[in-house]
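Participant: Shown below is the structure under consideration.
The values are calculated or read from the model by the stated rules, or taken from the named source; none is laboratory data. Computed from a predicted structure; not experimentally measured. Virtual Cβ from ideal backbone geometry, glycine too; neighbours counted across all protein chains shown. Keep in mind that these areas ignore ligands, DNA and RNA; they rest on the heavy atoms of the full protein, side chains included. Shrake-Rupley method; radii C 1.70, N 1.55, O 1.52, S 1.80 Å.
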Amino acid sequence: MGTDKKERTQSARRRLRRDAQRNKEDILAAAVVAFTQDANASLEGIARAAGVGIGTLYRHYPTREVLVEAAYRNEIKRLCDVAPRLLKQHPPDVALARFLDCFIDDMLAKRGMLEAMLAVVTVDAAPLNQSLAMIRAAVAPLIEAGRSQGVLREDATVADFIAVKGAIAFAGPERGRRLAVLFLDGLRRRPPAPDEP
């Protein structure tokens with residue numbers, strides 16, 4: 001009898017954990033949609049769209065800044081998850097170009113989300129540092145593969161990519177594509193000129 005009660009309790013706890021996790025995921029999904037449309041979207045509206053009460057939203061994300069950061073980080077993770085697939089499908093230099101295209105596409109599609117995140121970053125740069133760490137980890141295998149296969153310059157670094165990604169973000173998506181092309185053109189390895197040794 002005691003064993004049955006214990007199993008029921010454990011089962012109920014697992015169900016609550018699953019429900020709580022689903023609520024978190026639903027809130028994040030609703031937040032991405034809301035902040036993409038409006039950097040100042042109301043938390044009440046996000047809770048409604050997620051099908052939860054405002055108390056549930058605050059239990060998981062106690063401040064607006066925490067919710068914005070979590071939603072942004074979720075999107076960065078989704079972007080970074082693309083990198084290994086791109087490297088399997090394309091040569092490293094092309095994979096890097098496609099990854100930059102995905103980044104620019106996200107900038108175009110999620111301007112409100114970027115504005116909301118920039119408001120958080122002006123208060124605390126830590127969330128941006130975490131996102132950059134995720135991007136560095138995603139891009140490092142592409143750069144390394146490009147160098148080892150001889151399609152990227154030997155001195156190409158992840159830091160180069162991060163610097164250009166920042167320039168693209170500040171330039172905006174319209175000029176960003178041109179910057180991306182120039183950057184990748186500069187990173188590609190060139191055969192020596194005929195008069196070079």
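Participant: Among the listed residues E25, E65, E44, identify the single one that is closer than 20 Å to M107 by Cα and either without any contact (Cβ under 8 Å) to a residue 60 or more places away in the chain or open to solvent by 20 Å² or more (accessible area, probe 1.4 Å) (or both).
Facilitator: E65
Participant: Need pairs with beta-carbon distance below 6 Å; first residue at pLDDT 90 or above and within the stretch 83-112, second among the β-branched types (V, I, T) and assigned to a helix (DSSP H, G or I); sequence gap 6+ or separate chains.
Facilitator: Short answer, once both residue conditions are applied: C102/V82.
Participant: Separate question: If V52 passes every condition in (1) assigned to a helix (DSSP H, G or I); (2) among the β-branched types (V, I, T); (3) over 24 Å from A171 (Cβ atoms) but one, which one does it miss?
Facilitator: (1)
Participant: Could you tell me whether R18 is surrounded by fewer than 13 Cβ atoms within 10 Å (Cβ to Cβ) and either at pLDDT below 95 or within 22 Å of the chain's Cα centre (by Cα) (or both)? Step through it out loud before you land on a result.
Facilitator: Numbers: surrounded by fewer than 13 Cβ atoms within 10 Å (Cβ to Cβ): yes; either at pLDDT below 95 or within 22 Å of the chain's Cα centre (by Cα) (or both): yes.
Considered against the rule, which asks whether it is surrounded by fewer than 13 Cβ atoms within 10 Å (Cβ to Cβ) and either at pLDDT below 95 or within 22 Å of the chain's Cα centre (by Cα) (or both), R18 comes out as yes.
Participant: From the set of residues in the stretch 145-197 that are modelled with pLDDT of 90 or more and of a type in the set (G, A, S), which is most open to solvent (accessible area, probe 1.4 Å)?
Facilitator: Out of the qualifying residues, it is S148.
Participant: Looking at the stretch 123-137, which of its residues are in contact with a Lys or Arg (Cβ under 9 Å, 6 or more places away or on another chain) and either at pLDDT 95 or above or of a type in the set (S, T, N, Q) (or both)?
Facilitator: Correct list: Q130, S131.
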